[in-house]
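K.L.:
Pasting in a structure now, in structure tokens, and then I'll have a few things to ask.
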Amino acid sequence: MVFQDPLGSLNPRMKVWQTVAEPLLLHRLVAPGGVRIEVHDLFNRVGLSDELFDRYPHELSGGQQQRVGIARALAPNPDLVVLDEPTSALDVSVQAKLINLLRRLKEELRLTQVFISHDLSVIGYLTDRVAVMYLGEVVELGPTAEIFTEPRHPYTGALMSAVPGDDLLDRKTRLMLPGEVPSPIKPPPACRLAPRCPFAKDRCRQEKQVLRTVGAEHMVACWRAAEGEISTEDFERSRVALEV
């Protein structure tokens, strides 16, 4: 796993090469004599210089710290890596380099990445499939391109309306969800979006929603969308002008 806070996820008392070596030793993946060679290969794979081998985490930049975290996650040669907001704590210029690294690693290693993020531009660039969550529940699941161009759940529609488009009108309007986000400790009993959804009906407030198939690989937790009562076109028509 790769964590959101790169410095906080590294042991301050361990040199960075030791941090990367730890999973190799714990799982006995490499003989003790070959550990430094394996760490060298991992450093090279994530774009870190061997000059950093004997540094401590606080002596590295944020981008370098996160690369150490990625190297550590790759050490056991996993099929899947979970990345929890891995770029959000970094400067924009550093974010771009790290995102390109993650994409390269995914392609080179045929690595499955579960990428948790609120940054829609990063999600659109890195992922093949998207699961949209609201108050702890998945409300829509499908191919990234389809989710971005044809969102079916009202919450997804509201999210996508915030993505800047080429059309000037798109940039000045949004699909708005009125009211405050309910408490995740005591969420609404049926559809969790119902109190804020401009398309909600009585059934939405009474019936728990489950994921329903609306395409070959596309599912949505909204009965109105699943039964064709609302669509992407309705989201577009419901946009309102932003206050300046």
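K.L.:
If I ask for residues that are farther than 14 Å from LYS97 by Cβ and surrounded by 20 or more Cβ atoms within 10 Å (Cβ to Cβ), which ones from the stretch 40-71 would you list?
P.N.:
If the condition is that a residue be farther than 14 Å from LYS97 by Cβ and surrounded by 20 or more Cβ atoms within 10 Å (Cβ to Cβ), then LEU42, PHE43, PRO57, VAL68, GLY69, ALA71 are the ones that fit.
K.L.:
Regarding LEU7, is this residue part of a loop (DSSP other than H, G, I, E, B), under 24 Å from VAL114 (Cα atoms) and within 27 Å of the chain's Cα centre (by Cα)?
P.N.:
Considered against the rule, which asks whether it is part of a loop (DSSP other than H, G, I, E, B), under 24 Å from VAL114 (Cα atoms) and within 27 Å of the chain's Cα centre (by Cα), LEU7 comes out as yes.
K.L.:
Which residues, counting only those in the stretch 97-115, are part of a helix (DSSP H, G or I) and either under 20 Å from ASP128 (Cβ atoms) or in contact with a His (Cβ under 8 Å, 6 or more places away or on another chain) (or both)?
P.N.:
Scanning the stretch 97-115 gives LEU98, ILE99, ASN100, LEU101, LEU102, ARG103, ARG104, LEU105, LYS106, GLU107, GLU108, LEU109.
K.L.:
Condition test on ARG152, is it free of Cβ contacts under 8 Å to residues at least 60 places away in the same chain, under 22 Å from SER231 (Cα atoms) and in a loop (DSSP other than H, G, I, E, B)?
P.N.:
no
K.L.:
Got a sec? Which helices (runs of 4 or more DSSP H) wholly within the stretch 156-244 have at least 3 residues that are at pLDDT below 90?
P.N.:
168-172, 232-237
K.L.:
Name the residues in the stretch 14-46 that are in a loop (DSSP other than H, G, I, E, B) and in contact (Cβ under 8 Å) with a residue 40 or more places away in the chain, would you?
P.N.:
Hits for the stretch 14-46 are MET14, LYS15, HIS27, LEU29, VAL46.
So that you can scan it fast, the table gives a plain yes or no per residue for (1) assigned by the TED database to the domain that holds ILE70; (2) without any contact (Cβ under 8 Å) to a residue 40 or more places away in the chain; (3) farther than 21 Å from VAL240 by Cβ:
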residue	(1), (2), (3)
HIS118	yes, yes, yes
LEU135	no, no, yes
THR144	no, yes, yes
PRO164	no, yes, no
PRO182	no, no, yes
PHE199	no, no, no
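K.L.:
Now a separate question. Are there any pairs with C-beta distances below 8 angstrom linking a residue in the stretch 48-60 that is in the same structural domain as ALA71 (by the TED database) and of a type in the set (Lys, Arg) to a residue that is in a helix (DSSP H, G or I) and modelled with pLDDT of 95 or more, with the two at least 6 apart or on different chains, and if so which?
P.N.:
ARG55/VAL16
The values are calculated or read from the model by the stated rules, or taken from the named source; none is laboratory data. Computed from a prediction, not measured in an experiment: that's the story for all the values here. Every residue, glycine as well, gets a Cβ built from its backbone with ideal geometry; the counts of neighbours run over all protein chains shown.
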